[in-house]
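Computed from the coordinates by the stated procedures, all read-outs in this text should not be read as laboratory data. Since this is a predicted model, take the numbers as computed values, not measurements. Reconstructed Cβ throughout: ideal geometry from the backbone, glycine too, with neighbour counts over all protein chains shown.
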Amino acid sequence: MSVVGECLVAFIFGSVVGLLVQRSRFCNTAALRDAILFKTYRNTKALLVAMMILTIGFTTFLTIGDGHPMHFDVGLNQILGLFLFGVGMVLAGACTVSTWVKTGEGNVGALWALLFTFIGMFLFSLLWSYNYWPPAPSAMTGEPNLQALQLGYSNAATLQEKYGIPAIVFGLGQTLVLFVIYRAILRKERGQSSGAASN
Amino acid sequence: MEFFRKTLDPVIALAIIAVLDIFMFLIVGAWTVGGGETMMTGLAAQAVLGEDLQRIPFWNLVFRPDPGYWKIYISLGMLFGAFVGALLSKEFYLRYPRHLSEWILITVGGLLMGFGIRLAFVCNVSTFFGLTPEMNLGGYLAISGIIAGAWVGSLIYKKILEG
């Protein structure tokens, strides 16, 4: 596909996502924060349903060698980076999606958060240019590199290649785990509502 | 139109987004936001610094500024779609954080998000809607990080709420 075609597809996808997120008030931050702080799960359930659909969809296509999976080595930087991100999103009251969506609704605070997300990225680029960690994509080998705190590259497709078991089988296992969590939340909600009714 | 009068069930919204994301996965790659934001940062920095940006190796070895990077247009699309949705549902109006403390929290939160995304190579969207459904090891590492971070962030937030 041409560059223009890719950008057009991305814009159309983004527009539909923006519209649906705006109309549903879905928020990834709330999916985690509200479950931790307030024991409410409106957004958590939506996140789990999406992850179940995606796991089945992605692993089905990975089984037949289709799709464009993300390809880079992973390691300690994912834990540290998303830890900082998790703290930041709760403090800012928005994640990457809601900053764009709320900005589209006229929320100046969200625009401010976006501006400082960009500044945070630029500051990281300065630090990276000093210590060169985590390794640049061109230096990644796909294998563990413990010196650089990297564990290499693995996903459902590499599991299929290594063990000869179709990727979808692993996908169904993950979907089952997500479904168990989803069902536990539904049970908890039923318990909360019956507790409230008896009070 | 009913769609613009009532709030949509987020489970339905996210189920539709997930199906569309599978098409994206087949065409160009799964939904992501952080990569596009980084490229926008690079393009903005290039506009301000010009040739001097080349003196920062990150913008040569990791992200070379390129306006044709498709991930940028997901973010711009989200902005456009949300604007249209807010306008048609009469929910568009300018709103500002009321207190100085809110401005400070948003500033610190924004900086942490930007720094964290680049350190991890992924954002929350890639974590939940890309890496983990692909069963990439990085997805599980990132989820453990973001849950721990959200927990610590929630404790800080609670402390601030309680005064």
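Take the Cβ-Cβ distance between B:Tyr93 and B:Arg64 as r, set R0 to 51 Å, and report the resulting FRET efficiency rounded to the nearest 0.05.
0.85
Is the protein assembly as shown rounded, prolate or oblate when judged by the Cα gyration tensor, a ≥ b ≥ c being the square roots of its eigenvalues, rounded requiring a/c under 1.5 and prolate requiring a/b larger than b/c?
Judged from the Cα gyration tensor, the protein assembly as shown comes out rounded (a/c under 1.5).
If you take the beta carbon distance between A:Val169 and B:Trp103 as r and set R0 to 51 Å, what does 1/(1 + (r/R0)^6) give as a FRET efficiency, to the nearest 0.05?
FRET efficiency, A:Val169 to B:Trp103: 0.55.
Counting each DSSP H run of 4 or more residues in the protein assembly as shown as -39500 (n - 2.57), what helix-only mean residue ellipticity at 222 nm follows after dividing by all residues, to the nearest 500 deg cm²/dmol?
-23000 deg cm²/dmol
Does region A:59-196 classify as rounded, prolate or oblate by the C-alpha gyration tensor (a ≥ b ≥ c root eigenvalues; a/c under 1.5 gives rounded; else a/b over b/c gives prolate, otherwise oblate)? Before the final figure, lay out each step's value.
Values: a/c = 2.07, a/b = 1.02, b/c = 2.03.
Oblate is the answer for region A:59-196, as a/c is 1.5 or above yet b/c matches or exceeds a/b.
List nothing, just return the count: lysine pairs in the protein assembly as shown, 8 or more apart or interchain, with Cα separation under 20 Å.
Taking the Cα cut-off of 20 Å, the pair count is 9.
What number, in percent, do you get for the relative contact order of region A:38-163 if the mean sequence gap of Cα pairs under 8 Å and at least 6 apart is divided by its residue count?
Values: 70 pairs, mean separation 43.2, N = 126.
Once divided by the residue count of region A:38-163, the mean separation gives 34 percent.
Given points 7 Å out from each Cα along the Cα-Cβ axis, report the A:Asp66 to B:Leu155 separation in nanometres with one decimal.
Going by the 7 Å Cα→Cβ label model, 4.6 nm.
Counting partner chain Cβ atoms within 10 Å of every residue's Cβ in B:94-101, what's the average? The partial results should precede the final answer.
Details: counts 4, 7, 6, 7, 1, 0, 0, 0.
Per residue, the number of nearby Cβ atoms from other chains is 3 on average.
Just to be sure I understand the rule: take each whole DSSP H helix in chain B, project its Cα atoms onto its long axis, keep it if the span is 20 Å or more and its mean Kyte-Doolittle hydropathy is at least 1.0. Which ones pass?
Span-like helices in chain B: B:10-27, B:70-88, B:100-120, B:137-161.
Could you work out how far the C-alpha centroid of region A:46-93 sits from that of region A:138-199, in angstrom?
10 Å
Counting only the backbone N, which residues of region A:36-78 are under 14 Å from the spot 7 Å out from the Cα of A:Ser193 toward its beta-carbon?
A:41-42
List A:Arg42, B:Arg55 from most exposed to least, where exposure is judged by having the fewest other Cβ atoms within 10 Å.
Going from least to most buried by this count: B:Arg55, A:Arg42.
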